[in-house]
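The values are calculated or read from the model by the stated rules, or taken from the named source; none is laboratory data. Keep in mind that this is a model prediction, so the values were computed, not measured. Cβ atoms come from the backbone with ideal geometry, glycine included; neighbour counts cover every protein chain shown. In case anyone asks, the SASA skips ligands and DNA or RNA and just uses the protein heavy atoms, side chains included. Shrake-Rupley method; radii C 1.70, N 1.55, O 1.52, S 1.80 Å.
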Amino acid sequence: MANKEVVIKVDNLGKSFGDHEVLKKIDFEVREGEVICIIGSSGSGKSTLLRCINKLETQSCGKIYYRGKEISDNQKQINDYRSKVGMVFQSFNLFNNKTVLQNCTLGARKVLHISKEEVYERAIKHLKAVGMAQYINARPAQLSGGQKQRVAIARALCMNPDVLLFDEPTSALDPEMVGEVLNVMKELAESGLTMIIVTHEMAFARDVSTRTIFMDKGLIAQDDAPTNMFNINNSNERTREFLSRFIAEKTGENDSHKKEAVDTTKITNKIKKKFVVTFARGFGTGGKEIASRLAKDLGIHCYENRILTLASQMSGVPEERFIKGNEKLMHKQKGIAALLGGMNRTKSTTYLARKDFVSDDELFESQSKIIEELADSEESCVIVGKCADYVLKDHSDVISIYIEAPRQFCVERTMRNMKCDEATANKTIAETDKFRADYYEYYTNGNYWTNPVNYDMTLNSERMGIEGCVAHIKSLLKLKGYIE
């Protein structure tokens, strides 16, 4: 494909959250028709790289080019760019209150401004291609995980993208549903669509990609043809180590991995009636890990960052309006308003500017509506952060959890997870927890966040451990009749 035009070029790209360098000097090109799979250990920077390419994260240094033209931080240019470079997320990001057909037509109508008739024909075409045409009047709550992801792919295709990015599209699916999504992606690859795919599906990467990129510790350790990458005689020692570990797990040679899977199955409970569990937590307490483990054990979805992405991209309100409203807020008030004003979603490069947080009243309102929709759906779920405990405080089927831990425990966890020194860990915890406290105070009109009377259960993750916290939450769910 050397003679094909370069569609996307990443030049010396870097990304840092505070002092933590996530991506380091990333360079590669994507040509028309290429299918590039990005593999690597969790935390190696794969998803962050994809989010930088789609401008959901602002790179700390380096440049991104689309067909030879640099993509700047100008919001109008970013919006135009995103209309050509689509993205499929691991958590579907479908509107629960809209039908399959409406989910597929909404973006094309609002962004591309095409006629109702044309977008309908386009949606039916792509829904047929992914085997979902018979479900056009169904709502997401009536679909399986695999069906939802196929609808999400059809929705992305309705935008007629030049390039399609996939961020671990099968990671939120049950094992039996993975195959149906991978088959759709294989067909897209065979059709000639240019794709960049972050995946943990090694067999898929080997069989479908035209090039495979292996990332390690924020660097591209190897960029090669799959025949070389997945060769047992690969000359790259780190790549061989990573792939041999994967093969051992898949063949059952890793006994500890197999034992962990069996134990997880034993503690999984059957859901008797629908519920929502919300999590608030201090930084470094392990609250996110506890929430994720609970959701995995119960076979339900865990929502966090994707709620904000959905609020900003799918509400129909252009992102630049959030920024302008944010600037007005900054000029009118001090304190929390000034802090929020310094953290707009496209310009700030500090650690706190991750999309975990909202920087505008209107965006908060959109986010809250999505949280309400999740709570009103027929599916049980876990929601981390986002003031969900406050937004859903009047819902009878919501269990609110607060995770706390001593400061030194949080510091040690942060040092391990961020691979940073003690001073950086302390600074990160202080800044993040201060922001969360101010954030709750601003949006809830009071000190809601750490007040134990506002939660159904408060747990100390140092004393109880991850497993202990999960077990206690399950006991409460069982006591209230939600699970067996």
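Below, the figures for the structure above:
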| read-out | value |
| --- | --- |
| Candidate set from region 79-93 (those that are at pLDDT below 85 and not small (Gly, Ala, Ser)); member that is most open to solvent (accessible area, probe 1.4 Å) | Gln90 |
| Lone unmet requirement of (1) assigned to a loop (DSSP other than H, G, I, E, B); (2) over 22 Å from Ile271 (Cα atoms) for Tyr390 | (1) |
| Flag if Ala156 is surrounded by fewer than 17 Cβ atoms within 10 Å (Cβ to Cβ) and not acidic (Asp, Glu) | no |
| So Ser400, is it open to solvent by less than 70 Å² (accessible area, probe 1.4 Å) and not in a helix (DSSP H, G or I) | yes |
| Tabulated pairs, region 194-216, first farther than 26 Å from Glu5 by Cβ, second of a type outside the set (A, V, I, L, M, F, W, C) and open to solvent by less than 10 Å² (accessible area, probe 1.4 Å), C-beta under 7 angstrom, 6+ apart or interchain | Asp216/Gly40; Asp216/Ser44 |
| Number of the exception - Arg150 against (1) in contact with a strand residue (DSSP E or B) (Cβ under 6 Å, 6 or more places away or on another chain); (2) open to solvent by 30 Å² or more (accessible area, probe 1.4 Å); (3) in contact (Cβ under 8 Å) with a residue 12 or more places away in the chain | (1) |
| Qualifying position, being at pLDDT 90 or above and open to solvent by less than 10 Å² (accessible area, probe 1.4 Å), among Val35, Val6 | Val35 |
| Subset tally (residues that are within 20 Å of the chain's Cα centre (by Cα) and modelled with pLDDT under 85) for region 376-393 | 4 |
| Residue match in region 34-42 (condition: more than 20 Å from Val88 (Cα to Cα) and either touching a residue at least 12 places away in the same chain (Cβ under 8 Å) or not acidic (Asp, Glu) (or both)) | yes |
| Top-ranked residue of region 49-68 - restricted to ones that are open to solvent by 30 Å² or more (accessible area, probe 1.4 Å) and not in a strand (DSSP E or B), ranked as nearest to Leu219 (Cα to Cα) | Ser60 |
| Single match in Asn447, Asn417 (criterion: surrounded by fewer than 19 Cβ atoms within 10 Å (Cβ to Cβ) and at pLDDT below 75) | Asn447 |
| Helices (runs of 4 or more DSSP H) wholly inside region 206-307 that include at least 1 residues being at pLDDT below 75 and of a type in the set (A, V, I, L, M) | 237-251, 255-267 |
| Which numbered condition Val184 fails, given (1) of a type outside the set (Asp, Glu); (2) in contact with a Lys or Arg (Cβ under 7 Å, 6 or more places away or on another chain); (3) farther than 26 Å from Ala156 by Cα | (3) |
| Selection from region 190-219 of residues that are under 17 Å from Asp27 (Cα atoms), under 21 Å from the mean Cα position of the chain (by Cα) and among the β-branched types (Val, Ile, Thr) | Ile196, Ile197, Val198, Ile213 |
| Residue in region 113-124 that is touching a residue at least 40 places away in the same chain (Cβ under 8 Å) and either open to solvent by 60 Å² or more (accessible area, probe 1.4 Å) or in a helix (DSSP H, G or I) (or both) present | no |
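Here is a yes/no grid of residues against (1) touching a helix residue (DSSP H, G or I) at 6+ places or on another chain (Cβ under 8 Å); (2) at pLDDT 85 or above; (3) open to solvent by less than 20 Å² (accessible area, probe 1.4 Å); (4) outside any helix (DSSP H, G or I):
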{"position": "His395", "(1), (2), (3), (4)": "yes, yes, no, yes"}
{"position": "Val411", "(1), (2), (3), (4)": "yes, yes, yes, no"}
{"position": "Thr432", "(1), (2), (3), (4)": "yes, no, yes, no"}
{"position": "Ala437", "(1), (2), (3), (4)": "no, no, no, no"}
{"position": "Met464", "(1), (2), (3), (4)": "yes, yes, no, no"}
